[in-house]
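J.: Quick one: the structure is below, questions incoming.
The values are calculated or read from the model by the stated rules, or taken from the named source; none is laboratory data. Computed from a predicted structure; not experimentally measured. Cβ sites come from the backbone with ideal geometry, for glycine too, and all protein chains shown count toward neighbours. Note: accessible area is taken over every heavy atom of the protein model, side chains too, but ligands, DNA and RNA are not part of it. Shrake-Rupley method; radii C 1.70, N 1.55, O 1.52, S 1.80 Å.
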Amino acid sequence: MSQNLEGQIAIITGGMRGIGLAIARRLHAEGAQIVIWDLAVDGWDSAENGFEPVLRQSVDVSSLASVEAAFAEVLERVGHVEILVNNAGINGPVVSSWEYPTEAWDKVIAIDLNGVFYCCRTAIPHMRERGYGRIVNIASMAGKDGVQYISAYSAAKAGVIAFTKAAAKELAQDGVLLNCVAPAMVETPLMAEMTQAHIDASKAKIPMGRFLKAEEVANMVTWIAGPECSFTTGFVFDLSGGRATY
Ligand SMILES: NC(=O)c1ccc[n+]([C@@H]2O[C@H](COP(=O)([O-])OP(=O)(O)OC[C@H]3O[C@@H](n4cnc5c(N)ncnc54)[C@H](O)[C@@H]3O)[C@@H](O)[C@H]2O)c1
Ligand SMILES: CC(C)C1=CC=C(C(=O)O)[C@@H](O)[C@H]1O
């Protein structure tokens with residue numbers, strides 16, 4: 001599978017490491033120029049990461065002002081955006097829902113759900129104006145299943161799925177397609193925030209018997225983010241190793 005993304009600009013939120021970095025690498029390999037948005041963007045190693053982004057910006061996706069300022073700078077510097085991958089996310093505490101600290105709840109929703117909304121809200125008018133855009137939101141199997149002891153994360157990811165479906169219908173005739181992916185567990189710093197018992201339980205649910213690889217997420221996202229994805233919008237693409245059959 002190869003997508004020609006020559007001449008396209010792709011913004012990847014949370015692109016400094018983990019799944020976001022794998023997606024950024026792959027989109028770059030397909031010809032796109034990459035804009036990295038993350039909380040801290042120092043310490044980028046082009047040799048290790050295999051490419052140089054056209055722009056790296058310190059952005060907090062949970063702040064609309066931060067997102068709007070960064071997007072304005074992107075347009076000023078590179079002129080256009082074809083691809084937005086909303087990948088930035090946090091887990092939050094692993095605790096029962098009735099004991100979930102309200103501040104932590106608000107923070108998870110602010111980053112994992114509001115962040116996706118803010119970035120879409122900011123980028124969509126530009127994409128509509130140009131009659132082309134591909135938005136890929138990184139949800140989670142936790143947003144489909146609801147996973148015990150990570151209720152805020154599960155709720156935020158379910159919200160991302162429903163938001164994607166709603167906005168996709170609004171934009172279906174505008175050339176702007178929104179889809180999301182629902183990955184199972186990938187071995188990244190985020191997964192390390194789960195308890196070992198939860199990691200083991202999550203792996204046990206996967207019929208393929210292994211964790212997902214960040215590169216496998218990137219492979220799927222690359223197709224969804226490209227022009228070959230032309231008649232699918234508002235869809236949830238699973239990456240579950242056979243866990244999700246619904
Ligand atoms: N790792 C998994 O098992 C897994 C499974 C399913 C879905 N996901 C989702 O994939 C995405 C990436 O996860 P990951 O495992 O690579 O995590 P990670 O913790 O390795 O990377 C997340 C990145 O997001 C950035 N980030 C966090 N808060 C931010 C904010 N407010 N503004 C901008 N950037 C911010 C971090 O700095 C980091 O670079 C997340 O949305 C996560 O929920 C992960
Ligand atoms: C928090 C994060 C690493 C996470 C928790 C639960 C999952 C699951 O599949 O049940 C993962 O997909 C992942 O999003």
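J.: Ignoring everything except DSSP H segments at least 4 long, calculate the 222 nm mean residue ellipticity for the chain; use -39,500 (n - 2.57) per segment, divide by total residues, nearest 500. Each step should come with its number before you reach the end.
T.: On the way: 9 runs with 101 residues, N = 246.
When only DSSP H runs of four or more count, the value is -12500 deg cm²/dmol.
J.: What list of ³J(HN,Hα) couplings, whole Hz, do you get for segment 62-70 from phi and the Karplus terms 6.51, -1.76, 1.60, once you set θ to phi - 60° and write x for glycine and proline?
T.: 7, 10, 4, 4, 5, 5, 5, 5, 5
J.: I would also like to ask the following. Could you tell me the convex hull volume per residue, in Å³, taken over the Cα atoms of segment 80-126? If you can, show how the numbers build up before the last one.
T.: Details: hull volume 3.2 nm³, N = 47.
In segment 80-126, the Cα convex hull volume per residue is 68 Å³.
J.: Let me know the shape class of segment 187-245, please: from the alpha-carbon gyration tensor, a ≥ b ≥ c as square roots of the eigenvalues, rounded when a/c is under 1.5, otherwise prolate if a/b is greater than b/c, or oblate.
T.: Note, shape of segment 187-245 comes out prolate.
J.: Assuming a ≥ b ≥ c are the square roots of the Cα gyration tensor eigenvalues, decide whether segment 175-217 counts as rounded (a/c under 1.5), prolate (otherwise, with a/b larger than b/c) or oblate.
T.: On the way: a/c = 2.51, a/b = 1.92, b/c = 1.31.
Prolate.
J.: Please calculate how many Å² of accessible area the chain carries per residue, with a 1.4 Å probe and no DNA, RNA or ligand atoms counted. Numbers along the way, then the final one.
T.: Working: 10920 Å² over 246 residues.
It amounts to 44 Å² per residue over the chain.
J.: Enter the mean projected area of the convex hull around the alpha-carbon atoms of segment 1-104, in nm², rounded to one decimal. Present the calculation step by step, with values, prior to reporting the outcome.
T.: Working: hull surface 33.5 nm².
Quarter of the Cα hull surface area: 8.4 nm².
J.: Here is a further query. Modelled label-to-label distance, Q148 and D200, 7 Å Cα→beta-carbon offset: nm?
T.: Label-label distance for Q148 and D200, simple model: 1.4 nm.
J.: Under unit Cβ charges (Lys, Arg +1; Asp, Glu -1), what dipole magnitude, rounded to 20 debye, does segment 162-246 have relative to its Cα centre?
T.: On the way: 7 positive and 9 negative charges, 57 e Å.
Dipole of segment 162-246, to the nearest 20 debye: 280 debye.
J.: Within the chain, how many Lys pairs that are eight or more residues apart, or on different chains, come under 14 Å at the alpha-carbon? Walk me through the numbers before you get to the answer.
T.: Numbers: K107/K157; K144/K157; K144/K165; K144/K205; K157/K165; K203/K213.
So the count works out to 6.
J.: Pop out the carbon and sulfur fraction of the accessible area of segment 9-239 as a percent, whole number, probe 1.4 Å.
T.: Working: 5290 of 10000 Å².
Here carbon and sulfur together make up 53 percent of the probe-accessible area.
J.: Here's another thing I want to ask about it. How far is helix 151-171 tilted off the main Cα axis of the chain, in degrees rounded to 10, range 0 to 90?
T.: 30
J.: Only Cα pairs within less than 10 Å get springs; with that Gaussian network setup on the chain, which residue of A172, A47, A182 has the largest fluctuation?
T.: Highest fluctuation of the listed residues: A47.
J.: Using alpha carbon coordinates only, what is the Rg to Rh ratio of the chain, with Rh defined as the Kirkwood radius? Let's see the in-between values first.
T.: Values: Rg = 17.0 Å, Rh = 18.0 Å.
Reported Rg/Rh, Kirkwood definition of Rh: 0.94.
J.: Determine the distance separating the Cα centre of segment 57-100 from the Cα centre of segment 160-194; give it in Å without decimals.
T.: After rounding, the separation between the Cα centres reads 13 Å.
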